[in-house]
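The values are calculated or read from the model by the stated rules, or taken from the named source; none is laboratory data. For clarity, every value in this text was computed on a predicted model and none was experimentally measured. Note that each Cβ is placed from the backbone with ideal geometry, even for glycine, and that neighbours are counted across all protein chains shown.
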Ligand SMILES: NC(=O)c1ccc[n+]([C@@H]2O[C@H](COP(=O)([O-])OP(=O)(O)OC[C@H]3O[C@@H](n4cnc5c(N)ncnc54)[C@H](OP(=O)(O)O)[C@@H]3O)[C@@H](O)[C@H]2O)c1
């Protein structure tokens, strides 16, 4: 029987690439996003179900998750949706700080809360897409990095809480990946192939993690490009 997954951030970048790998791995996928206009290729997979909603609308999210998971096993939750606002901390707008904290941290906590009982029943997996910023100092990205450090802290504690029920929790820490995440920044991932990641690299990490022997859990997985470069937008 196909396993069932719920993936946030499915409409773009890393989440979209993860959905493609999950499709190859025969998962049924409920992919959450607001705008799927750049993800038409996912629709060709009959196991992909597009779930259009704003994750920041908590009551709508709760209703939708209940609807999806009613009478169904849930094997995998991928918390991938995220937003980034960068710059000197005093220059970031309060509403953008709130969007980062809610999207990058609150939503994964709420989704886990809603689905953990189901994941215990299936000995399921939670993949939290954090960032290398979770473990380092991030001048010009202090708030973004704090949300990712919070997500990583949550993952660690959750694993210790849920491991005895067979639940696996992995934090994935990607370095700069060429996606739309930097739409609000004055920098972006390098165009040089060896100095940036592409979404498919992170999806490959997901395939590796999900293919591991069931007796082991990969709790943290860092993915970096060979070279370190950041490109200033012209
Ligand atoms: N790119 C990098 O360098 C990098 C590095 C480390 C970690 N990450 C993390 O990777 C994750 C994926 O980001 P990405 O790089 O793939 O960027 P992206 O292409 O901008 O994708 C972000 C995804 O989040 C979804 N999203 C954001 N806010 C939402 C909301 N309120 N409701 C529903 N969906 C929402 C977007 O959906 P819609 O567009 O449809 O709203 C989109 O699918 C993020 O958590 C990011 O922090 C990225």
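Here residue 222 clears all of (1) at pLDDT 95 or above; (2) more than 20 Å from residue 108 (Cβ to Cβ); (3) surrounded by fewer than 18 Cβ atoms within 10 Å (Cβ to Cβ) except the condition numbered (2). The residue list 104, 138 contains one member that is assigned to a loop (DSSP other than H, G, I, E, B) and crowded, with 17+ Cβ neighbours inside 10 Å, which is 138.
In the range 57-88, the qualifying residues are those that are in contact (Cβ under 8 Å) with a residue 12 or more places away in the chain and part of a helix (DSSP H, G or I), and the one that is surrounded by the fewest Cβ atoms within 10 Å (Cβ to Cβ) is 66. Residues in the range 18-56 that are surrounded by fewer than 21 Cβ atoms within 10 Å (Cβ to Cβ), within 11 Å of the ligand (Cβ to nearest atom) and under 21 Å from residue 223 (Cβ atoms): there are none. Would you pick out the residues in the range 181-213 that are surrounded by fewer than 16 Cβ atoms within 10 Å (Cβ to Cβ), assigned to a loop (DSSP other than H, G, I, E, B) and modelled with pLDDT of 95 or more? Once the filter is applied, which keeps residues that are surrounded by fewer than 16 Cβ atoms within 10 Å (Cβ to Cβ), assigned to a loop (DSSP other than H, G, I, E, B) and modelled with pLDDT of 95 or more, the range 181-213 yields 211, 212, 213. Would you call residue 113 within 12 Å of the ligand (Cβ to nearest atom) and without any contact (Cβ under 8 Å) to a residue 12 or more places away in the chain? It is false that residue 113 is within 12 Å of the ligand (Cβ to nearest atom) and without any contact (Cβ under 8 Å) to a residue 12 or more places away in the chain.
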